[in-house]
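What follows is one structure encoded as structure tokens, with my remarks underneath.
Taken together, the values in this text are just the output of simple stated rules run on the coordinates, not laboratory data. This one's a predicted model, so the numbers in the text were calculated from it and none came from an experiment. FYI the Cβ positions are ideal-geometry reconstructions off the backbone, even for glycines, and counts take in every protein chain you see.
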Amino acid sequence: MKLCALFFLALAIVACAPPYSAELNAAAGLAGQMTLLGTMGPVNSPDGDSTTAIKFLPAKPTSASATLDQLGISSGFLVSESNRGESLTFAYQSGNSAQVLDSGASFSLAGADPHYPLYEYDVITTTATENIIVFYLGDPTSPANNTYQCFTATPNGPFQSSSPPTTMTGLYGGRAVLAAQVFPLSAAPYDRFSFLLDPIATPYGEGAPTFALPAFAGGIPTTSNVPLLGAGSRALYYQGPLGSPSYASYFTAGNWVCFQWTAATSSTPTRLTGVTSRIDAVLTDGDLISTQDGTLTVYDLNGTRLNSVPLGGMQFCYEAYVGATPYVFFSLSLEFSHQSWAFRVYAIPTSRLRSLKG
């Protein structure tokens, strides 16, 4: 039955596909070096003909998925952009097409900084529901207004917010959260969270919150003496596999810079001069990756560039464990006629990113 369903899905996608797919052609070289996990769609655009960009974020693997062969792509989250802002919906495969649940969320892009995402969409571990956290981290003048909101979904519904947008100033004694990281773990709780805290009275700080659906709990800052010259109230922030070293990536004086520190060196962070692109993740092997301007660039933990390849339209989703092996997941959006889309999902072992060929 599964093979039949996949066969008819493939026929449906081919039937509605244009004779030539620029997206598939551009990504072919990279896709050939990865494992195709499946195709979602076709699905009607959540924003109709006003959609200007769309990204598919598959649900995260569960502990029951020990190998890629056991991992199917049958549902996930759609982040679409239009002239009205961004919207978040949930889609699941139903026969030869995908269905979008009616309920969703819309987010204004007013005040967005062109160098940073105004919202961060982090898929977290699948439990009884499929889960995603939306961080609003974009208020440069009043970072105390930064919020998070958790959404949950099950195929066939419902798709709903499990909490209203919640400010994070109560987690660390009134300090605002400027940046957030979700890092994959191989065992429960499967997600590790880290926050960069604003420099009220002291330099920047770090926090290690805990999360129990749908809310965060804070505590006391783990580090409180990190000077980041020129960062202001916007930065991207990450910790390495063991919670150290830490990194801040931010745009200042017309350039992207990246600083690294440990607890012992937090008062004098080191600038990684070899990193000249925006950092989008730190991986389980300690490597840093950037997808700025559609190019995947891999750096080692000290900022030495190891590889750089064009993504050809592929979009980085997240890193997650499948069994005992960490994989990096990508999705490719395919636009069809009549405001419909399909999405291909690919995975590659984290250890092979360094050897990808352009």
Which order results if 321, 237 are arranged by neighbouring Cβ count within 10 Å, fewest first?
321, 237
In whole angstrom, the spacing between the Cα centers of the stretch 152-190 and the stretch 248-306 equals 24
Set the Förster radius R0 to 41 Å, insert the Cβ-Cβ distance between residue 253 and residue 335 as r into 1/(1 + (r/R0)^6), and round the FRET efficiency to 0.05.
0.65
Surface/4 of the Cα convex hull for the stretch 162-237, nm²:
5.5
Distant-in-sequence amide H partners of residue 339 (H built 1.01 Å from N, under 5 Å):
none
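What number comes out for the charge environment of residue 250, summing +1 per Lys or Arg and -1 per Asp or Glu over other residues with Cβ under 12 Å away?
+2
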Karplus ³J(HN,Hα) for the stretch 265-273 (6.51 cos²θ - 1.76 cosθ + 1.60, θ = phi - 60°; Hz, whole; x = Gly/Pro) runs 10, 4, 6, 9, x, 9, 7, 8, 5
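On full extension of the chain, what length is gained from residue 308 through residue 35, given 0.36 nm per residue of separation minus the C-alpha to C-alpha distance?
On the way: separation 273, 0.36 × 273 = 98.28 nm, distance 1.96 nm.
So the chain would gain 96.3 nm between residue 308 and residue 35.
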Ranked from fewest to most other Cβ atoms within 10 Å of their own Cβ, 168, 314 fall in the order 314, 168
Put in order of increasing Cβ neighbours within 10 Å, starting from the fewest, 335, 319, 130 give 335, 319, 130
Within the set of other residues whose C-beta is less than 12 Å from the C-beta of residue 83, count the net charge using Lys and Arg as +1 and Asp and Glu as -1.
-3
Report the relative contact order of the chain, percent, no decimals, based on alpha-carbon pairs under 8 angstrom and at least 6 residues apart.
17
If you line up the long axis of helix 2-16 against the longest principal axis of the chain, both from Cα atoms, how many degrees apart are they, to the nearest 10?
90
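What is the gain in length, in nm to one decimal, between residue 128 and residue 160 on full extension, counting 0.36 nm per residue of separation less the C-alpha to C-alpha distance?
Length gained between residue 128 and residue 160: 10.1 nm.
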Divide by every residue of the chain the summed helix terms, -39500 (n - 2.57) for each DSSP H run of at least 4, and state the resulting mean residue ellipticity at 222 nm, rounded to the nearest 500 deg cm²/dmol.
-2000 deg cm²/dmol
Residue 141 paired with residue 268, simple spin-label distance in nm, labels 7 Å along Cα-to-beta-carbon:
3.8
Mind giving me the nanometre distance, one decimal, between the label points for residue 112 and residue 210, set 7 Å out from Cα along Cα→Cβ?
3.6
